[in-house]
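Novice: Got a structure for you, written out below as structure tokens; questions coming shortly.
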Amino acid sequence: MGHLRCPRCQGSQYRVSSFDVKHCNPFGAKCIFCKADMVSGSTVCSLINKVNVAQVNIHQ
């Protein structure tokens with residue numbers, strides 16, 4: 001499965017359920033803290049970069 005991270009709270013602890021499996025969450029992994037769908041570590045890095053770019057554009 002690899003290393004998963006929460007895109008909302010950056011947590012790394014999750015639970016897996018077959019009821020949560022969907023196209024955007026193929027492992028069915030949910031963060032135990034905020035209940036967000038977990039994503040792979042490389043996906044989190046790209047999401048953080050997109051947020052940082054958006055914040056820079058807002059402040060200009």
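The values are calculated or read from the model by the stated rules, or taken from the named source; none is laboratory data. From a predicted model like this one, the values you see are computed outputs, not experimental measurements. No Cβ is skipped: glycine too gets one built from the backbone with ideal geometry, and neighbour counts run over all protein chains shown.
Novice: Do you know which residues across segment 36-60 are assigned to a loop (DSSP other than H, G, I, E, B), modelled with pLDDT of 65 or more and exposed (fewer than 12 other Cβ atoms within 10 Å of the Cβ)?
Specialist: none
Novice: Just to verify a result, which residue in segment 8-32, among those that are hydroxyl-bearing (Ser, Thr, Tyr) and not in a loop (DSSP other than H, G, I, E, B), is surrounded by the fewest Cβ atoms within 10 Å (Cβ to Cβ)?
Specialist: Across segment 8-32, the extreme among qualifying residues is Ser18.
Novice: Being in contact with a Leu (Cβ under 9 Å, 6 or more places away or on another chain) and aromatic (Phe, Trp, Tyr) is the filter; apply it to segment 5-29 and report the residue that is modelled with the lowest pLDDT.
Specialist: So, considering only residues that are in contact with a Leu (Cβ under 9 Å, 6 or more places away or on another chain) and aromatic (Phe, Trp, Tyr), the one modelled with the lowest pLDDT is Phe27.
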